[in-house]
Amino acid sequence: MRIRILGAHAIEANSARAAAILVDEVLALDAGSLCASLSLADQQKLKAILLTHHHYDHVRDIPFIGMNLAHMGSVSIYSTAATLDTLCSHLLDDEMYPDFRRWPEGQPAIRLVTIEANKPFHIAGYGILAVPVRHSVPSVGFQITSSQGKSLFYTSDTGAGLSECWGQVSPDLLITELTLPQKMEEWARRTGHLTPQLLKAELLEFRRLKGYLPPTVLIHLNPLLENDIAAEVAEVSRDLGASITLGREGAEVLL
Ligand SMILES: [Zn+2]
Ligand SMILES: [Zn+2]
């Protein structure tokens, strides 16, 4: 699998894009920065977009993907009922922009597919498993397994308490979030995000349960706080003897 980080940040600026990950040009995980990161030709190659939760920084490109694909093709969007309900009532409400589930007429650009957590399914030969994570709104992480048996687990936005989640996945690569530096742990706990020390506790629990630690890439960074985060993550990485790196727009991992 060729995994490309399209957006590695929680906010947007000319140097930072919102969360999105591309797998082998056909699957997208979250839609924070698909349009600015992919050519129109590459957007047309997408077979599915998997949404972890409804927060704007993860779904914002869905209307534009609909417009970009109109009359050119279509894409399927997979998520839980809770996420799709909010997406439909706010971003596909036919007021600010067309409802791409029905538009263009006879050849709609978007097809929604409701999935259930903890029930494996397949898209284009990939095994997919949605696993609930602890965030401020209903949210799932996705494990993607290739036909060669390699797997990636993307938690998306999550707070502490992933023990149950770790029991269900065995990834070769973990992509998770690191939104705030240590000094903001209280705010991280209130909003369902991770700091370096909260991440460390989750990774220790992963290793206790699974007996290994996969290489870990962190996204959903705040560029204004990134220097503090980088130094604190380097310390955690040293303490655990693990590969933990900050994600970058355009970075690729081959599995
Ligand atoms: Zn969120
Ligand atoms: Zn977010």
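Overview of values
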| item | result |
| --- | --- |
| Rh by Kirkwood over Cα pairs, then Stokes-Einstein D for the stretch 1-117 at 1.002 mPa s and 20 °C, µm²/s | 153 µm²/s |
| Simple Cβ-charge dipole of the chain, Lys/Arg +1 and Asp/Glu -1, about Cα centre, in debye nearest 20 | 640 debye |
| All-pairs Cα distance distribution in the stretch 193-250, expressed in whole percent, bin size 5 Å | 4, 18, 32, 25, 13, 6, 2, 0 |
| Cross-link pairs beyond the 31 Å C-alpha cut-off, checked among LYS119/LYS200; LYS47/LYS183; LYS150/LYS183 | LYS47/LYS183; LYS150/LYS183 |
| Overall dimensions of the stretch 152-199 by Cα: Rg and Dmax, Å | 11.0, 31 |
| For the stretch 62-128, radius of gyration divided by Kirkwood radius, i.e. Rg to Rh on alpha-carbons | 1.01 |
| Whole-number percent relative contact order across the chain, with pairs defined as alpha carbons under 8 Å at least 6 apart | 18 percent |
| Largest-first ellipsoid semi-axes for the chain, taking √(5λ) over the Cα gyration tensor eigenvalues, angstrom | 30, 19, 17 |
| Relative contact order (percent, whole number), the stretch 1-108, Cα cutoff 8 Å, 6+ residue spacing | 19 percent |
| Percent of alpha-carbon pairs separated by more than 19 Å within the stretch 105-255 | 55 percent |
| Dipole magnitude (debye, nearest 20) for the stretch 24-107, charges at Cβ of Lys, Arg, Asp, Glu | 180 debye |
| Qualifying chymotrypsin sites (Phe, Trp or Tyr not before Pro) for the stretch 184-214 [loop in DSSP, other Cβ within 10 Å: at most 13] | TYR212 |
| Theoretical gain in end-to-end length, ASP85 to GLU186 [0.36 nm per residue, Cα-Cα removed] | 33.3 nm |
| Whole-Hz ³J(HN,Hα) from phi, Karplus 6.51 cos²θ - 1.76 cosθ + 1.60, for the stretch 148-157, glycine and proline x | 8, x, 7, 9, 10, 10, 10, 7, 6, 5 |
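Read-outs: derived from the displayed coordinates by stated rules, not from any lab. Since this is a predicted model, take the numbers as computed values, not measurements. We place every Cβ from the backbone using ideal geometry, glycine too, and count neighbours over all the protein chains shown.
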